[in-house]
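Each value in this text was obtained by applying a stated rule to the coordinates, not by laboratory testing. Since this is a predicted model, take the numbers as computed values, not measurements. Ideal geometry is used to build each Cβ from the backbone, glycine not excepted, and the neighbour counts take in all protein chains shown.
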Amino acid sequence: MYIPVILGTSRKGRQSEKVAKFMLQQASKAGLESELIDTRDFSSGVTDSTKTLPQSQKLSEKISKADGLIIVSPEYNHGYPGELKMMLDMVYEEYRRKPIGICGVSAGSLGGAQMVEQLRLVGIELQMVPIRETVYFSQVQNLFDEGGGIKDESYYGRIKKFLDELIWYAKALKKAREEE
């Protein structure tokens, strides 16, 4: 199964990159084929007609191939980053009936909970199936060591539940899409 990890911010000094790389590592350990899709690589500088840009074709190919998605995104002012929305809007049909798992990231104690709720609604509109399990990476600035390892071992159990649910949906929905 191919389930890429989308890194939802392009800001300099982004703490979410540590989380995205960690989730990519965990997805690979769970037996998934995966890669990091970085919003920096899909920046367009325009807010309309993005479907005609070369980045749109590249994203279309990746999302078409995907059996599901993991989005790692910080919460900025109770929402998700604009560059993530612009990237997601580059394609549409490619998301149809694919599961999405969301990982919230924040410097605070809630781990991006409000961003996750908003992004779930956008996922539904894009015809994705948001899974219930979510991993909230709170106080991210203190969560990883110098080598990118997570300091809090309890995350491994949460990530296992998250990936197990995402993989279940990815298999079920892939089978259903193939039968259409």
| request: Using the structure shown, decide if residue 73 is under 18 Å from residue 27 (Cβ atoms) and in contact with a Leu (Cβ under 9 Å, 6 or more places away or on another chain). | output: yes
| residue 17 versus (1) touching a residue at least 12 places away in the same chain (Cβ under 8 Å); (2) surrounded by 16 or more Cβ atoms within 10 Å (Cβ to Cβ); (3) acidic (Asp, Glu): which is the lone unmet condition? | (1)
| query | What tally of residues in the range 1-39 results from selecting those that are under 15 Å from residue 164 (Cα atoms), part of a loop (DSSP other than H, G, I, E, B) and acidic (Asp, Glu)? | reply | 0
